[in-house]
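Structure record follows, encoded as structure tokens.
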């Protein structure tokens, strides 16, 4: 999911790609950001890029 965030996909797009509801994606995104101590999706994208996870 974090790779999809890094690609700039919306919650709806991630949901379609992973076959999850948009609400489920929103919950997971919020959880990932909180656990990693990130403020927003941009910081997640930077983290993925810096860690060479793409």
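The values are calculated or read from the model by the stated rules, or taken from the named source; none is laboratory data. Predicted model, so just to flag it, every value in this text is computed and none were measured. In this analysis, Cβ positions are derived from the backbone assuming ideal geometry, glycine residues included, and neighbour counts consider all displayed protein chains.
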Legend entry - Search result, residues across region 23-34 that are farther than 12 Å from residue 1 by Cα and under 12 Å from the mean Cα position of the chain (by Cα): 34
Legend entry - Count of residues meeting criterion [closer than 12 Å to residue 45 by Cβ and modelled with pLDDT under 95] in region 1-26: 7
Inset, instruction - Any residue in region 1-28 that's free of Cβ contacts under 8 Å to residues at least 40 places away in the same chain and at negative phi: show its pairings with residues that are exposed (fewer than 13 other Cβ atoms within 10 Å of the Cβ) and outside any loop (DSSP other than H, G, I, E, B) at Cβ separation under 6 Å, as long as the two are six or more apart or on different chains. - result: 22/12
